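Everything below concerns the one structure shown next.
Please treat every number below as a calculation from the coordinates, not as lab data. On a predicted model such as this, the values are computed, not experimentally measured, just so you know. Positions of Cβ are generated from backbone atoms using ideal geometry, with glycine treated the same way; all protein chains shown enter the neighbour counts.
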Amino acid sequence: MTVSSFKTTIHFQGSSKSLTLKLPTRLFKIFFVAKKVVLLGLLLLFLQVGLVYTNQHFLAKAIQKRASLDIKLEEMQGHLDLLSDEVECLFEDGSLVYAKFGLLSTDHNSRELGTGGVIDPSVQLSWVASPTLELAEMLLEKSDQLSNRILMNQESFFSVNNYIQKQQLNWRSIPSVAPTRGRYASAFGSRKHPIIGVQRVHKGIDIANVPWTPIYATADGVVSLAHWSSSFGNFVAIDHNNGLETKYGHMNLYVVKPGQFVKRYQTIGYMGNTGLSAGSHLHYEVWLNGRAVNPIQYILPSDYAVE
């Protein structure tokens, strides 16, 4: 079998000698193939080094982001714990409000929303591989529980708020302050009338002061009468729409009219000496369910008002 060969001559410098070599052509083919393999290997090496560097770079970025996420999740957990404590304090204050107004508060256990159920194995595996995912899932669940807890209890807060508003309206319709400033000149009960000299029941109290002393409504209500009376002179009556009615007599001037809504402390007139009166004063009456009662029991000390 004939082997193809390649002949070459090597001349030595400074000498007349030379060396003739005869090399197989296959050897050159092997050399070129080896050269390509080496170049390919170097290329793959550089590519691997680049991939490793890129992987390490992105891994470091991922680790940094995960550390930042862990910090944010821990901060979120702290905020949720603080919010949970504040909500608990709010519920406790709500219970105190219920107790203050004699209302039956919601049972504490009914305000708590239970959770449970089977956790998917793949989810458990992901939690084991990444505790950050477990913490994020726990915070999400806690946030949902807190949100639902607040929503579930809003109705009770709205109920007690409506009750308080209704009570405030009722309280503002209860006479509880003095109708004017001055000296208590005559008490409620049987007495001899200072003008006609006849023994009769005095259905109110008299408060004396100088003319034109302001006279106030003692509670919210609607003016039912505002006219001249032969006995009480300039006379005003206010219906408080709760079985209570207040009456004011002997004024120099009244400044309200029938059908007008008035609020507590609103000026309705000025003290005078009109009608059957022996001096400047206000005759003040309180009626409950059509019967005159002692106004003193509807005047709180130190000018406090039922609010």
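Structure above, values below:
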quantity: Using distinct alpha-carbon pairs, which all enter the 1/r mean, Kirkwood radius of the stretch 211-272 in Å; calculated: 11.2 Å
quantity: Convex hull of Cα atoms in the stretch 160-290, direction-averaged projection (nm²); calculated: 8.0 nm²
quantity: Relative contact order (%) - the stretch 183-303, alpha-carbon pairs under 8 angstrom, separation at least six; calculated: 28 percent
quantity: Residues with amide H under 5 Å from that of Ser229, placed H, sequence gap 5 or more; calculated: Asn234, Phe235
quantity: Highest average packing first - 262-274, 158-170, 220-232, Cβ atoms within 10 Å; calculated: 262-274, 220-232, 158-170
quantity: 31 Å Cα-Cα threshold exceeded, pairs from Lys203/Lys263; Lys166/Lys257; Lys166/Lys247; calculated: none
quantity: Long-range HN-HN contacts of Val255 with modeled amide H, under 5 Å; calculated: Gly269
quantity: Ascending count of other beta-carbon atoms within 10 Å, so fewest first, for Lys29, Lys203; calculated: Lys29, Lys203
